[in-house]
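Input: a single structure, listed below in structure tokens.
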Amino acid sequence: MWTETTRLVAPISLLLSVLACSTAGAHDAAPDREPLSLDQMADALGIDPEAPVKVQELGDGFYVLFGLGGNVLVSSGEDGVLIIDDQFPMIMPRLRAAMKERGDTRIDFVVNTHWHFDHADGNQILGAEGTWLVSQANSRRMLLEDQLINLGPMTFRQEAYPPHALPDITFDTTMQFHFNGERIDLLHVGPAHTTGDAAVYFHGHDTVHMGDVFNLAGYPFVDAGNGGTLDGMLAFSESVLETIGPKTIVVPGHGPVADRAALVDYVAMLRHVHAHLTAMIAAGGTLEEALEAGITARWDEEKGDPASFIERSWTSLTHRYLGPGSAARPGTASSQQPKH
């Protein structure tokens, strides 16, 4: 069931998918564009900072908030309130208002699916209020320093978070909550969308939130400049498929709530692109040839321009990531993997 507090106008949740539909330059080259602020990016794209919040109920005390950033999944019950991702400080009052309508006035835990600003900037508010912040260990590391995110026609410098906004609790590969009457598994497979992605599986509600490893608002964004890899996106998604059941609800980082079948289709797309790009790389092909090959033609009508997805994926397959603060360096698709 959908409810709407007011008319939805160009939410920032479309930001990364819009930018991901534009051609990007390789991250190892010196950027030829000055990084923009979030306000400047919003202005450039005509995004309304007063965008409203939508709510989709998934169960009793269990719902998704759609606002300006990544989808927020809420678990509310006897133990308190746990949310997955927290968007931006600017929308926090509207997120809280939607939650208050359902009797939820305090947020006890936040799990960040990764460190990108549109999923974790709300930490700035909630951390100061005493909310416990949780993430995969690499996400916390990335938040300790300024990070440059290459989004295609624009770059964004995400500044280091202050101590109160940093995750208090981190994990390496797996972690469990026992909260509000159900077991909640946190899973990290390896570098994927970023180096610090977490999928969060609620066993009682048979629902998984995958963050931006699974994006239904356009082609996915592979943050190759910060350790993201097409190999990892595929491996991570396949691992989640092996974990969930036939009727699992799948919450993407952006876009509508989906099901296992949608994730199966998404994995098929990733496999197709991965197979074609690795074959072209092995044969000595070029990025320009890959961009002109029509690899994603069957999905373009639904997902938009694939140029940035192809370019960022190619970069992730042909460059080695050296860690925070370092540029990518040429490598090979088969042997060079991100370090973290």
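With K and R counted +1 and D and E -1, the other residues having a Cβ less than 14 Å from that of Thr105 yield a net charge of 0. For Lys100, the aspartates and glutamates whose Cα comes closer than 17 Å to its Cα, not counting residues fewer than 8 places off in the same chain, are Glu4, Glu57, Asp60, Glu78, Asp79, Asp86, Asp108, Glu129.
Take the Cα of Glu159, go 7 Å toward its beta carbon, and the backbone nitrogen atoms of the range 88-116 under 18 Å from that spot belong to 88-91, 116.
Inter-label distance, Val264 to Leu148: 4.3 nm, where each label sits 7 Å from its Cα along the C-beta direction. All other residues whose Cβ lies under 14 angstrom from that of Glu159 are scored, Lys and Arg at +1 and Asp and Glu at -1, for a net of -3.
Using the Cβ of His276 as centre and a radius below 13 Å, the other residues enclosed give a net charge of 0, where K and R count +1 and D and E count -1. You can think of it this way: the chain between Asp185 and Thr173 has 3.3 nm of extra reach, that is 0.36 nm per residue less the Cα-Cα gap.
Of Leu68, Leu216, the sequence from fewest to most neighbouring Cβ atoms within 10 angstrom is Leu216, Leu68. Run the Debye formula on the Cα coordinates of the range 206-308, all scatterers equal and no solvent, and tell me log10 I(q)/I(0) at q = 0.12, 0.16 1/Å. For the range 206-308 at q = 0.12, 0.16 Å⁻¹, log10 I(q)/I(0) is -0.41, -0.71.
Distance from the Cα centroid of the range 97-169 to that of the range 182-199 is 15 Å (rounded to whole angstrom).
The calculated FRET efficiency for the pair Asp79 and Gln124, based on their C-beta separation and a Förster distance of 30 Å, comes to about 0.75. Using C-alpha pairs under 8 Å with a sequence gap of at least 6, the mean separation divided by the residue count of the range 38-168 gives a relative contact order of 17 percent.
No lab work stands behind these numbers, since they all come straight from the coordinates. Since the structure is predicted, the reported quantities are computational estimates derived from the model, not experimental observations. Heads up, the Cβs are rebuilt from the backbone with ideal geometry, glycines too, and the neighbour counts pull from every protein chain shown.
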